[in-house]
Each structure stands twice: as C-alpha cells, then as structure tokens.
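K.L.:
Mind having a look at this structure? Questions to follow.
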Amino acid sequence: MDLTQLHRQAGHWLRNRGPDADVVISTRVRLARNLVRSPFPTRASQEQKDEVREQLSQVLAELRHGKRDLWINLPETSDADRELLRERHLISREHAEGDQHGRTVVFSKSEILSVMINEEDHLRIQVVRAGLQLKRAFRVVGLIDERIGRKVEYAFHDRFGYLTSCPTNTGTALRAGVMLHLPALMSLRHIEKVMQAAQKMGMVVRGAYGEGSKPHGHFFQISNQVTLGKSEDQLIEDLTRLVRKVVEYERQMRKVMLKEQRSKSEDRILRSFGILKSARMVTLEEGMSHLSDLRLGIVLGMISDVPIEAVNELFVLIQPAHLQRVLGLEIEGEELDRQRAEFIRSRLTQAQPSNGSA
C-alpha cells in the first residue's frame with residue numbers, strides 16, 4: 001500500500017474495537033523530542049532541517065528495518081495529500097501547513113505508529129490504539145523513544161526536563177489524549193461538568209482533531225495540559241482515571257435517555273439512519289451528526305445490522321480530502337455534498353446484510 005491507496009480504508013484503530021469501545025474511540029500518546037546542538041525547526045535554516053531529517057531518517061531506517069512502513073517526504077506531496085494525512089491523524093495540522101522543507105512522516109502499515117520529523121519539534125513519536133489503552137500505547141511510545149535515544153542525544157535539562165519548541169510541552173513532553181463519543185452527555189447538557197472536572201485535573205476537552213477543532217458528531221478529545229512537574233506514569237494514570245469516570249458518566253446518561261426520553265431518542269436515531277440511507281446531499285457537519293446518532297443507536301441496541309466499526313470508519317472517510325481522493329477530482333460545495341451522500345449510502349449498504357433491517 002502507498003499514499004495513493006491510503007483512502008481505501010481507515011486505520012487499524014478505527015477498524016477494530018478496543019476496551020470500552022461503546023464510548024472510547026481511540027487512545028493517542030505522543031512524545032516530543034529535540035536534538036542537542038540543533039535549533040528548533042521553527043528557528044532552523046533549510047540546511048539545518050535537512051541535516052536533522054537525514055540523521056533521524058537514518059536512525060529510524062535502522063530501527064524499523066524489515067517493517068512495512070510508509071515514508072512520506074512532505075515537500076513532495078500536494079496540499080490535498082497532506083490534508084488526507086491530517087484527517088487520518090497521521091500528521092498534525094502544524095505538520096500539514098506552512099513551510100514543508102525538511103519535513104517527513106513515517107508510519108506503520110496499521111497506522112498505529114506515526115513519527116513526524118521537523119514538525120514544531122525535531123521528532124514527534126505517536127501511537128494510536130483502539131479504545132482505552134493509554135498504558136499500552138505509552139509502553140510502545142516509550143520503547144521507541146528509548147531506542148532512538150540510544151542513537152541520538154536529546155535536548156534535556158536537569159531541572160526542566162526535555163526541551164521543546166513550545167514551553168507548554170517542556171518537562172515530560174508527553175501529550176496523551178483519548179477520543180470519546182459523548183452523545184448522551186451532550187444531549188442532556190452535562191458536557192460542561194466534564195470540562196470543569198477535566199480543568200481541575202490539569203486536562204483539557206477539545207474537538208476530535210485537538211486544539212482549535214470543533215466537536216462535530218459529539219466527539220471529544222480529553223488530553224493532558226500539564227507536562228512539567230509530573231512523571232509520565234502519573235500523567236497517564238491521571239488521564240486514565242478521569243476518562244474512566246467520563247465513560248461511566250456517559251453510560252449513566254444513556255440509561256437516563258432510555259428511561260426518560262426513549263421515544264424521542266429512538267425517533268432521532270431512526271430519522272438519522274433514514275437520512276443517511278436516502279439523502280442525496282449531506283454536508284460534513286450533517287454527516288457527522290447523523291453518524292453519531294447511528295453509532296449511539298447501535299450501542300443502545302436499536303440498530304443491529306450495521307457494525308459499529310463501519311460507522312467509525314465513515315467518520316474519517318467522509319472528510320473532504322478522502323472523498324476527493326476516492327473520486328479523483330477536486331470538488332467542493334454542493335457537488336462534494338452530493339458525493340458524500342452517495343458514498344455514505346454505498347458504505348452502509350455494503351455493511352448491512354442483504355436481508356437486514358433496523
């Protein structure tokens with residue numbers, strides 16, 4: 001598989017269920033690292049960026065020898081290709097935008113592992129897992145970080161920890177995030193309580209694509225804000241504890257919906273399912289909202305003939321860059337909305353048994 005085929009299916013973390021899959025979509029753990037005696041990418045010259053890329057590429061090639069990884073030099077890609085990678089959470093918004101000189105991303109065929117070179121920092125190591133698997137994801141990231149650290153010297157200060165381009169990452173330089181589906185908390189207007197609880201614990205609640213993104217489709221990402229003053233293990237433990245509380249809170253609110261608003265909830269869910277199966281034009285926001293209802297209906301047992309994994313995949317595959325890659329066309333506006341509706345109908349038909357019904 002290469003970049004031209006990447007759009008054909010979603011990554012491993014969307015195609016499979018993980019722990020607490022009724023609420024938790026995925027877990028992401030990322031470490032930022034910089035090399036000593038090399039300016040941060042935001043201040044480095046093109047020559048210095050090239051030197052860092054060559055050094056880290058060589059190290060990664062040795063560590064990943066024999067693995068079926070994809071290596072993408074971003075200066076050789078189009079804006080649309082970089083947006084495709086961003087939509088799949090393989091690169092960050094910062095890595096996709098701006099000056100691309102010296103930038104590379106290496107990721108595993110499963111898309112569980114992604115390594116960005118010359119983003120905001122020299123190195124961003126990321127692991128994404130299905131469901132709530134913070135400790136497992138951290139172990140993998142830590143192992144790769146340790147192996148790379150044997151080959152290069154990281155910028156580290158005895159007092160401040162790992163030095164990073166953004167001061168908010170200094171310390172452990174660990175960012176861990178969990179993507180959750182919280183339709184009941186949103187519907188019953190309890191999401192503010194979650195945000196307040198997260199803030200008290202040094203966490204932040206954002207949209208599915210992190211900082212600056214909107215929570216389309218009732219998807220939220222909870223991640224740590226604090227990286228200095230706590231160990232990696234403590235940060236992972238704190239986030240795990242908070243997420244488990246949010247998961248239980250969402251489950252309780254789903255029970256409340258079934259008990260107090262069952263007819264209203266069923267109507268909304270089945271209407272959304274009907275729209276997805278018959279609409280001729282669907283905007284991205286509409287698609288995310290109706291797919292969110294469909295996913296909730298599957299979890300609550302109202303819809304039994306659509307696999308939850310198929311719905312998870314659609315959340316990524318209906319994004320603009322993916323649809324344009326599927327069609328091989330650069331389109332937007334109403335035509336893109338028309339193609340999105342057709343694509344959703346086709347995928348839902350493929351996912352359902354020939355004699356299935358809601």
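K.L.:
Give all pairs with beta carbons closer than 8 Å in which a residue from the range 139-150 that is polar (S, T, N, Q) meets a residue that is modelled with pLDDT of 95 or more and crowded, with 19+ Cβ neighbours inside 10 Å; count only pairs at least 6 apart in sequence or on separate chains.
P.N.:
Filtered contacts from the range 139-150: no entries.
K.L.:
So, in the range 73-92, of the ones that are over 19 Å from the mean Cα position of the chain (by Cα) and assigned to a helix (DSSP H, G or I), which residue ends up farthest from Q58 (Cα to Cα)? Show your work before the answer.
P.N.:
First, the residues of the range 73-92 that are over 19 Å from the mean Cα position of the chain (by Cα): 73-79.
Then keep just the ones that are assigned to a helix (DSSP H, G or I); that gives 74-76, 79.
On the way: L74: 17, P75: 18, E76: 19, D79: 26 Å.
Selected residue: D79.
K.L.:
Another question, if that's okay. Out of everything in the range 335-358 that is under 18 Å from H322 (Cβ atoms) and surrounded by fewer than 18 Cβ atoms within 10 Å (Cβ to Cβ), what residue ends up being modelled with the lowest pLDDT?
P.N.:
Going through the qualifying residues, I end up with A351.
K.L.:
Ok, one more. From the list S78, S108, S92, exactly one residue is loosely packed, with under 14 Cβ neighbours inside 10 Å and either not polar (S, T, N, Q) or not assigned by TED's automatic domain parsing to the domain that holds N312 (or both). Which is it?
P.N.:
Every option except S78 fails the conditions.
K.L.:
Out of curiosity, is S231 more than 29 Å from I318 (Cβ to Cβ) and either among the hydrophobic types (A, V, I, L, M, F, W, C) or in contact with a Phe, Trp or Tyr (Cβ under 9 Å, 6 or more places away or on another chain) (or both)?
P.N.:
No: the conditions fail for S231.
K.L.:
Also: Being out of contact with any helix residue (DSSP H, G or I) (no Cβ under 7 Å at 6 or more places or on another chain) and in contact (Cβ under 8 Å) with a residue 12 or more places away in the chain: is that true of D99 here? Show your work before the answer.
P.N.:
On the way: out of contact with any helix residue (DSSP H, G or I) (no Cβ under 7 Å at 6 or more places or on another chain): yes; in contact (Cβ under 8 Å) with a residue 12 or more places away in the chain: no.
So D99 fails the test.
K.L.:
List the helices (runs of 4 or more DSSP H) that sit entirely inside the range 133-242 and contain at least 2 residues that are over 30 Å from E266 (Cα atoms).
P.N.:
Of the helices (runs of 4 or more DSSP H) lying wholly inside the range 133-242, those with at least 2 residues that are over 30 Å from E266 (Cα atoms) span 134-149, 191-200.
K.L.:
Would you tally the residues in the range 211-225 being small (G, A, S) and modelled with pLDDT of 75 or more?
P.N.:
Going through the range 211-225 one residue at a time, the tally reaches 1.
K.L.:
Between a first residue in the range 47-75 that is touching a residue at least 12 places away in the same chain (Cβ under 8 Å) and within 15 Å of H95 (Cβ to Cβ) and a second residue that is part of a helix (DSSP H, G or I) and small (G, A, S), which pairs have beta carbons less than 9 Å apart while being 6 or more apart in sequence or on different chains?
P.N.:
W71/S57; W71/A61; L74/A96
K.L.:
With respect to the numbered conditions (1) surrounded by fewer than 18 Cβ atoms within 10 Å (Cβ to Cβ); (2) assigned by TED's automatic domain parsing to the domain that holds S187, which one is the sole condition not fulfilled by V246?
P.N.:
Only one criterion in (1) surrounded by fewer than 18 Cβ atoms within 10 Å (Cβ to Cβ); (2) assigned by TED's automatic domain parsing to the domain that holds S187 is unmet by V246, namely (1).
K.L.:
Does any residue in the range 265-291 that is of a type in the set (F, W, Y) come within less than 6 Å, Cβ to Cβ, of a residue that is in a helix (DSSP H, G or I) six or more places away or on a different chain, and which pairs are these?
P.N.:
F273/L294
K.L.:
Quick one: would you say L143 is crowded, with 19+ Cβ neighbours inside 10 Å and at pLDDT 95 or above?
P.N.:
Taking the combined requirement at face value, the residue does not satisfy it.
K.L.:
Looking at the range 41-72 only, could you name the residues that are among the polar types (S, T, N, Q) and either surrounded by 14 or more Cβ atoms within 10 Å (Cβ to Cβ) or in a helix (DSSP H, G or I) (or both)?
P.N.:
T42, Q46, Q48, Q55, S57, Q58, listed by residue number.
Residues checked against (1) within 13 Å of A32 (Cα to Cα); (2) among the β-branched types (V, I, T):
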site: V127; (1), (2): yes, yes
site: G131; (1), (2): no, no
site: L134; (1), (2): no, no
site: R147; (1), (2): no, no
site: A155; (1), (2): yes, no
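K.L.:
Still on this structure, please answer the following. Scan the range 193-216 and report the pairs whose first residue is among the polar types (S, T, N, Q) and whose second residue is modelled with pLDDT of 90 or more, with Cβ atoms within less than 9 Å and a gap of 6+ or a chain change.
P.N.:
Q199/V205; S213/R93; S213/Q221
K.L.:
Within the group E313, E332, E285, which residue is surrounded by fewer than 21 Cβ atoms within 10 Å (Cβ to Cβ), at negative phi and more than 20 Å from the chain's Cα centre (by Cα)? Steps first, answer last, please.
P.N.:
Details: E313 fails: more than 20 Å from the chain's Cα centre (by Cα); E285 fails: more than 20 Å from the chain's Cα centre (by Cα).
Within the list E313, E332, E285, the selection yields E332.
The values are calculated or read from the model by the stated rules, or taken from the named source; none is laboratory data. Small disclaimer: the values here were computed from a predicted structure and weren't measured. Using ideal geometry, Cβ is built from the backbone for each residue, glycine included, and neighbour counts are taken over all protein chains shown.
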